[in-house]
Amino acid sequence: MQRPIRVLVAKVGLDGHDRGVKVVASALRDAGMEVIYTGLHQTPDKVAQAAIEEDVDVVAISILSGAHMTLFPRVLELLRKEGGERILVCGGGIIPEKDQEALYALGIGRLFGPGTATGEIVAYLQEEIARRRASRNA
Amino acid sequence: MRSNGRDLARKLLEGDRISLARAISWVENESDGAEAILDALYPRTGAAYRVGVTGPPGAGKSTLVGRLARSYWEAGMRVGVVAVDPSSPFTHGALLGDRIRFQDLPNDPRLFVRSMASRGSPGGLAFRTGEACDLLDAFGMEIILVETVGVGQSELDVARAVHTTVVVLVPESGDEVQAMKAGLMEIGHVFAVNKADREGAARITRNLKDMLRLRPPARDSWVPLVQPVSALRGDHLDELLDAIGKHRLHLEEAGALGRLKRERAAQRIREIVESELAATFWKREEVPARMKDALARIEEGRSSPYREAADLLHPAGKEKKTR
């Protein structure tokens, strides 16, 4: 059985803007993915824990509070510590280009800004996860 | 590099959460090696007490499961939760949102929560929910809470997968209670009337009790308990826990836990045998051609699906005639 892509979609930090993340979650579902949505105000600890328990392929984080330089690396670090190093961490929000470069250098997956078409996110995840699974099974 | 099922099972038994999470995925995806995991772990199952929570959409199942999980955890127990949400029959995608209601659950080794998409299973659970519970059981969880999809009255699978079934209703279910004589109302060992701070809670509680009293006694003489609660506010949770505890005691005193495990094993054997037999049959070399001929005869009006199925099942030459 072809295993569906499982994605944890999380809002980390203090901002309460969840319209965007809900649109993305629905788009991923409609693309055939299993989307675990955990709600607002998640801590990096909770996100990492949930990602491990749910055995997801992807953690997609939305941050609009400006704390991305703290929160993304923290989630990545916790996942690596817990044995979830093969989980792709990507996300979206308002993230300046130089910060994006710094986060990519740490191993964060693609970051999407405002106005991104949901189809672009779907295509990225499908390609990236297919690539990772293929290289794991090789 | 793939690890094999036996390795995964061994690491799971050592308490490795990643291995537990991965084993559940293997089992729900029916990956190669899934049966080896289940086979290796089966002797280690049976210690966990399983409680199912079902009821109509919006009744507050997730909130209640979150509360119950927290209560058992606070009492020092190791708690597993399996929450099932529906998959789209068209895209196969799913939005699994039960965790939104589990915010109160701490990050702790004594807690493990897993969301499952129903993936086309019609009975309120996913096809492999029972096996996911087995894995949590072998991992050492003492209580396993199973939350069903909540699509209405077709949630009967849960009754076969757990020891105690809690049916969650709300005051607004009042008028429907009469109509719910079948199905849902027959599987509940405990009825939780949620949102009990709302108008109508006392009335539905009374109606439920009357209805359950009028019913012929269950095979094992258990009389279902009805308990008003407020999952959101946390009111009357202790009484609900107490009701579940009473049912557990009832089963234990009647020696029913072993019988339930035996019945579940028998059913699992039947399912596996049936699915293997069917798969073997459809893989037989001559079947596609015979199927094609059969459909042609039906299309020409010379035969029916019933006659053709009988002919397919019985080797050529020894056909059983359908009359």
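The values are calculated or read from the model by the stated rules, or taken from the named source; none is laboratory data. Owing to the predicted nature of the structure, the values given are computational and were not obtained by experimental measurement. Cβ placement follows ideal geometry from the backbone for every residue including glycine, while neighbour counts extend to all protein chains displayed.
A few remarks follow.
- Residue match in segment A:96-108 (condition: surrounded by 15 or more Cβ atoms within 10 Å (Cβ to Cβ), in contact (Cβ under 8 Å) with a residue 40 or more places away in the chain and closer than 21 Å to A:Ile5 by Cα): no
- Restricting attention to segment B:119-167, the residues that are under 22 Å from A:Glu54 (Cβ atoms), of a type in the set (S, T, N, Q) and buried (at least 24 other Cβ atoms within 10 Å of the Cβ) total 2.
- Exactly one residue out of B:Ala40, B:Ala9, B:Ala34, B:Ala48 is within 11 Å of chain A (Cβ to nearest Cβ), aliphatic (A, V, I, L, M) and buried (at least 17 other Cβ atoms within 10 Å of the Cβ), and it is B:Ala34.
- Filtered residues of segment B:95-112 (kept if basic (Lys, Arg) and facing another protein chain (nearest Cβ under 9 Å)): B:Arg99, B:Arg101
- All conditions in (1) more than 22 Å from A:Asp45 (Cα to Cα); (2) under 17 Å from the mean Cα position of the chain (by Cα); (3) outside any helix (DSSP H, G or I) hold for A:Gly115, with the sole exception of (2).
- Among the conditions (1) under 28 Å from B:Ser19 (Cα atoms); (2) assigned to a helix (DSSP H, G or I), A:Gly91 misses just one, which is (2).
- Helices (runs of 4 or more DSSP H) (entirely within segment B:141-237) containing at least 2 residues that are at pLDDT 85 or above: B:157-161, B:201-214
- Test result for B:Ala132, part of a helix (DSSP H, G or I), closer than 24 Å to B:Arg259 by Cα, at pLDDT 95 or above and in the same structural domain as B:Leu237 (by TED's automatic domain parsing): yes
- Residues (more than 7 Å from chain B (Cβ to nearest Cβ), among the acidic types (Asp, Glu) and under 16 Å from B:Leu96 (Cβ atoms)) located in segment A:27-79: A:Asp57
- Per the conditions (1) facing chain B (nearest Cβ under 8 Å); (2) touching a Pro at 6+ places or on another chain (Cβ under 9 Å), the sole criterion not satisfied by A:Gly20 is (1).
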